[in-house]
Amino acid sequence: MTFSEQLKADIALIEPALEKYLSRETGEGYDRIFEAAKYSAMAGGKRLRPVIVLEFCRLCGGDIEKALPFACALEMIHTYSLIHDDLPCMDNDDLRRGRPTCHKAFDEATAVLAGDGLLTAAFETASAAKDVPAETIVRCIRILGENAGMNGMIGGQVLDMGAEHRKISLDELRLLQKLKTGCLLRAACELGCAAAGATDEDTLARARAYGEKLGLAFQIEDDILDIEGDAATLGKSIGKDAASEKSTFPSLLGLEECRELAAKLTEEAVDAVKPLDGHAFLVELARSLTGRTR
Ligand code: GRG
């Protein structure tokens, strides 16, 4: 199978499973919350994190079908973070994944609850994984909690809010992004290994390194895309964050150095997994994210 065929096959497993896990309507009068959660979760998106879960599971010799609950749980947490990040009290965005944000399509309170519902459903889904040893389930739940929580993505979001109105250093920005974006990507790698029952320390360290390097490269690319997108659509040379004087990789390093750094980090991610058998897909995936259009 080629890279793009395998990517399509993974997504074809993930999307119906995600929809099934979120289809728990009762007809009791609160079904609108399922509608809102599915509106955001089933709105496309690259499915990068759940694909990485399946592919690390495959690389470690596991059954990727058994990794699906963990892959979908991670995508639910990612979707909740996007819904909450778009709220008026956070980034106040109108569009996400090419359509109105959850609070625009529904209302603010429903969007808060849809995010809460997705976060909770993630843990429900992971804990109910079928034909998986209890020890593996607990390990996966811990990975999800640690990376999505206050020492992970939430901590990163707090640093991000603190960086709203003051210039921060490159080291501070690296930490912020390591937590905010990097933690869920690292969690994806760890979850895939855990779902396969892998315990080899070298493999786990390589998986973590891949996630961390890729997370940073991915965020730098995202900052570059923000600038290029704004320049293309608005005829401006600055992005939203630059306009608000928020520190970003391009504002601290300049575009050229950012491109070089993203490429260097991508190759470091590649180097981390190259010694592992079955690394080809992960190598192509990492390289496909450099210079992506979104
Ligand atoms: C508000 C709880 C809370 C957390 C906020 C992760 C995060 C922290 C906010 C998301 C907003 C954002 C722009 C994060 C940077 C990481 C990033 C580029 C997210 C978008 O991920 P993609 O490109 O999205 O994988 P798709 O739509 O493809 O899934």
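Values in this text are rule-based calculations from the coordinates and carry no lab data. For clarity, every value in this text was computed on a predicted model and none was experimentally measured. Here the Cβ is made from the backbone with ideal geometry for all residues, glycine too, and neighbour counts use every protein chain on show.
Side notes on the structure shown:
- Sequence-separation-based contact order of the range 5-92, relative, with Cα cut under 8 Å and 6+ spacing, percent: 29
- Cα centroid separation - the range 91-123 against the range 243-262, whole Å: 29
- Subset of K8/K66; K178/K213; K178/K264; K213/K274; K104/K178 violating a 20 Å alpha-carbon distance limit: K104/K178
- Pairs of Cα atoms farther than 17 Å apart, the range 1-84, %: 48
- The range 3-289, relative contact order [Cα under 8 Å, separation at least 6], %: 18
- Alpha-carbon centroids, the range 4-66 and the range 135-183: separation in whole Å: 23
- Full-extension gain in nm, R208 to D277, via 0.36 nm per residue minus C-alpha separation: 23.2 nm
- Within the listed set E201, E164, E212, the residue fluctuating most in the Gaussian network model of the chain (springs between alpha-carbon atoms under 10 angstrom) is E201.
- Residues H165, H279 arranged by fewest to most Cβ contacts within 10 Å: H165, H279
- Shape analysis of the range 3-289 places it in the oblate category; the axes a ≥ b ≥ c from the Cα gyration tensor give an a/c of at least 1.5, with a/b not above b/c.
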